[in-house]
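Report on the structure given below.
Taken together, the values in this text are just the output of simple stated rules run on the coordinates, not laboratory data. Keep in mind that this is a model prediction, so the values were computed, not measured. Using ideal geometry, Cβ is built from the backbone for each residue, glycine included, and neighbour counts are taken over all protein chains shown.
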């Protein structure tokens, strides 16, 4: 009789829990990350000039797929990579998530680049919602991740629709090529136009590399393998120039890449060439006007 009473008491508790879950709304099942062979690793980067201009950290919601106690503030946030560096915000970043699940493939620090950290997620399809710092909807997207793969997800302003955003996502590759530096370039400047990438030696002469003839907005190059032989003459660095595709004599930026054999880098071209006004939806339903000044710049990210 006592065993039957305990059984019905347990059943009552289960039914109450089911009722509470129904009242609170259905949640997607959280799948624990238990098998390394089923894990995908993702890095999110906020390349929005609107969010950069307002100088606040915005949120990413992962559709209840990851326990919120993994994050220091309850939800993952894009955070500035360096307090003195306004170039962009990323998730995960150093110190911004639970140390037990932070994955970094390179531990050295440098003033020339930012390390890329990776967030482990179970393979599968996920819906991501990007919001403002006031938790106002900005953009959502659904992405599918395969096991044992790395992925980059970039949030961008939509240049054709004021107040709107786009997402650029693709698999990443962090393999090591001995004696070479691997470099990928991503064009994220909406009004810069086509650019060319050239490599110079210490005397300013152009060295032949397999960069594309023209790189346009939202173009992502394949990885270019650059020989590090002779880099000691330029203080252990590879010297790149970003020129106007139509006028190669016009240099937009110079870029230094550490010639560390076996390393993999991603070079971002960011910002606007012209001053523009954008708008951002506020919590009360009105739009805030955001002024963006000319600010063409580059950012080097190290993947391994």
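Quick one: compute the contact order of region 160-304, relative version, from alpha carbon pairs under 8 angstrom and 6+ residues apart, as a percent.
Relative CO of region 160-304 lands at 28 percent.
Determine the shape class of region 244-304: with a ≥ b ≥ c the square roots of the Cα gyration tensor eigenvalues, call it rounded for a/c under 1.5, and otherwise prolate if a/b is greater than b/c, oblate otherwise.
Taking the square roots of the gyration eigenvalues as a ≥ b ≥ c, region 244-304 is oblate.
I'd like to compare 224-233, 123-132: which one has the highest average count of other Cβ atoms within 10 Å, and what's the full order after that? The partial results should precede the final answer.
On the way: 224-233: 14.9, 123-132: 16.6.
Taking the mean over residues of other Cβ atoms within 10 Å, the ranking is 123-132, 224-233.
Which of 209, 172 has the fewest other C-beta atoms within 10 Å, and how do the rest follow up to the most? Before the final figure, lay out the partial values.
On the way: 209 15, 172 18.
Placing the least packed residue first, the sequence is 209, 172.
Using a Förster radius of 22 Å, what is the FRET efficiency between residue 220 and residue 142 based on their Cβ-Cβ separation? Nearest 0.05, please.
Details: r = 20 Å, r/R0 = 0.91.
So, using R0 = 22 Å, E works out to roughly 0.65.
Which of rounded, prolate or oblate describes region 112-195 when judged by the alpha-carbon gyration tensor and an a/c cut-off of 1.5?
Taking the square roots of the gyration eigenvalues as a ≥ b ≥ c, region 112-195 is oblate.
Could you grab the Rg to Rh ratio for region 131-287? Cα atoms only, Kirkwood for Rh.
Here Rg/Rh amounts to 1.04.
Sort 178-186, 159-167, 281-289, 263-271 for me by packing, meaning the mean count of neighbouring Cβ atoms within 10 Å per residue, highest on top.
For the peptides 178-186, 159-167, 281-289, 263-271, the packing ranking is 263-271, 178-186, 159-167, 281-289.
Kindly put 254, 121 in sequence by how many other C-beta atoms sit within 10 Å of each C-beta, fewest to most. Spell out each step's value before the answer.
Details: 254 11, 121 21.
Ascending Cβ contact count within 10 Å gives the list 254, 121.
Hey, what D do you get for region 175-245 in µm²/s if you plug the Kirkwood alpha-carbon radius into Stokes-Einstein at 4 °C and 1.567 mPa s?
This corresponds to a translational diffusion coefficient of 99 µm²/s.
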